[in-house]
Amino acid sequence: MQVGIDQIGFYTPNKYVDMIDLAHARNEDPNKFLIGIGQQKMSVADQTQDAVSMGINATLRYLDHIERKNVGLLIVGTESGVDQSKSASLFIKTALNLPLNVRTFEVKEACFGMTAGIMIARDYVRLHPNHSAIVIGADIARYGINTGGEVTQGAGSISVLVKADPRIMTLSAGHSAYSADINDFWRPNDSAVALVDGKYSKDVYLDFFRHTFADYQKQTGLKASDFTALLYHLPFVKMGFKANQLAIEKRDDETKKRLADNFAASAYYSKQIGNIYTASLYLSFLSLLENAQLPANAKVGLFSYGSGAMAEFYSGQICEDYGKALNQTADQEMIARRQKLTISEYEQIFNQALKVPQDGLKLASDEKSGTWYFAGTENHVRQYRQK
Ligand code: HMG
């Protein structure tokens, strides 16, 4: 029996900042952001979008195509949690009307959270082949106005359904994991924005890629030339580009071209959305599926990195009719529908979203109908509504 990804849903909020505008406002050369960092736009979440609402909106993209009663597991990977105790997944489960007997919880390990969920889901479905699992990554990357990390912010969610006999990608057995207790990026309890040692984080990311990719090749006997595409966690596009350069150095010209072309296809959506932390690797996956021409049974390698730090490399095989399970037009409309913010509008929204909502606050959404949003709190309980 094959187990893997059967459905994929994507959501990003309806506002963005253009990197050329940001560069001018910060007295930087626009080419530093466009070429040096590799980003064109970043999505911005206002107060009405958080990890819960974005996770609901991403899952709704495919919910009508699945058997809800078969969902036995719902996992949410996020580092933008809305409560110190209650899992984001409980709010989401209610909005999605999932069965009462679903096992559900939230996982956190920086950007590794969604991969942890997928690995748990893969092994769960192997043991419970009649059940499926929903795994959601949803995050808002916030470093702060006029910080070095500002150009690498973003917001969004990816949701996948893991089941037996999937339509998009089968997940291969095995993985290569690597971890160390380090301080490259973290967000202490008293801070609404991340703290980061930017240059160190870039070095560690590449170091962890070298370790996990080499170990995976040793374990499996696979070589870089056996992969149709390699996918990376993309905190910003240039980071994944550097890892891909390491993977293709000393390879034949055909492998170099294939992996470079498919990397460009996988980075297409991230370039326009920015870092969405836990879901960023899976946004690259969606972008590859919708912007590359993949042969039947294409072998894809995935590198997941979460600061702190935990990394994993694993792989999968693309299913023959994967295109039928996608909705490229709707995904591209989701990106194109966003409204451009001026830098002062963005700064105002950013500062407001940092504030802990006062109890009794009532929020209205400017999203289109059908979109879920955070509507404020009643008796300290977060309220989620559909527009
Ligand atoms: P910075 O110091 O402003 O930029 O911060 P820089 O000086 O390092 O320049 C960036 C690149 O632009 C360099 O290229 C420059 O040469 C180039 P590189 O040497 O890297 O190839 N450059 C130009 N290119 C063209 N024209 C120009 C020009 N000027 C300069 N005129 C940094 C950059 C990424 C450090 C900062 O944005 C930051 O701290 N970001 C957040 C941290 C981050 O994303 N780290 C990535 C690895 S850690 C990770 O992935 C985990 C994470 O997602 C969190 C989680 O797990 O939850 C972050």
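Data table
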{"quantity": "Segment 139-185: trypsin sites (Lys or Arg not before Pro) in DSSP coil with no more than 10 other Cβ atoms inside 10 Å", "calculated": "none"}
{"quantity": "Theoretical FRET efficiency, 1/(1+(r/R0)^6), r = Cβ-Cβ of K69 and S191, R0 30 Å, to 0.05", "calculated": "0.10"}
{"quantity": "Added length on full extension, which subtracts the Cα-Cα distance from 0.36 nm per residue, A364 to R126", "calculated": "81.4 nm"}
{"quantity": "Å² of accessible area per residue within segment 61-138, as computed with a 1.4 Å probe and no ligands counted", "calculated": "44 Å²"}
{"quantity": "Charged-residue dipole, Cβ positions (Lys, Arg, Asp, Glu), the chain about Cα centre, Debye nearest 20", "calculated": "440 debye"}
{"quantity": "Among beta bridges that DSSP assigns inside the chain, antiparallel share in %, nearest 5", "calculated": "70 percent"}
{"quantity": "Projected label distance in nm at Q217 and E378, using a 7 Å step from Cα toward the beta-carbon", "calculated": "5.8 nm"}
{"quantity": "Relative packing of 350-362, 202-214, which averages over residues the other C-beta atoms within 10 Å, highest first", "calculated": "202-214, 350-362"}
{"quantity": "Rounded to whole Hz, the Karplus (6.51, -1.76, 1.60) HN-Hα couplings of segment 359-374, x for glycine and proline", "calculated": "4, x, 4, 10, 10, 10, 9, 9, 7, 7, 5, x, 8, 7, 8, 7"}
{"quantity": "Anchor K108: lysines whose Cα lies under 16 Å away (excluding residues fewer than 8 positions away in-chain)", "calculated": "K86"}
{"quantity": "Residue-level accessible surface for E28, protein heavy atoms, 1.4 Å, Å²", "calculated": "70 Å²"}
{"quantity": "Two-site label geometry, R251 and D203: point separation in nm, points 7 Å out along Cα→Cβ", "calculated": "2.7 nm"}
{"quantity": "R210 versus K32: modelled label distance in nm, points set 7 Å from Cα along the beta carbon direction", "calculated": "2.8 nm"}
{"quantity": "Segment 174-323: projected area of the alpha-carbon convex hull, averaged over directions, in nm²", "calculated": "9.3 nm²"}
{"quantity": "Under 12 Å, Cα to Cα: Lys pairs in segment 174-323, sequence gap 8 or more or different chains", "calculated": "5"}
{"quantity": "Range of Cα positions in the chain per principal axis (Å), largest first", "calculated": "58, 53, 41"}
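The values are calculated or read from the model by the stated rules, or taken from the named source; none is laboratory data. None of these values were measured; they are calculated from a predicted model. Ideal geometry is used to build each Cβ from the backbone, glycine not excepted, and the neighbour counts take in all protein chains shown. Accessible surface is based on the protein model in full, side chains and every heavy atom, while ligands, DNA and RNA are left aside. Shrake-Rupley method; radii C 1.70, N 1.55, O 1.52, S 1.80 Å.
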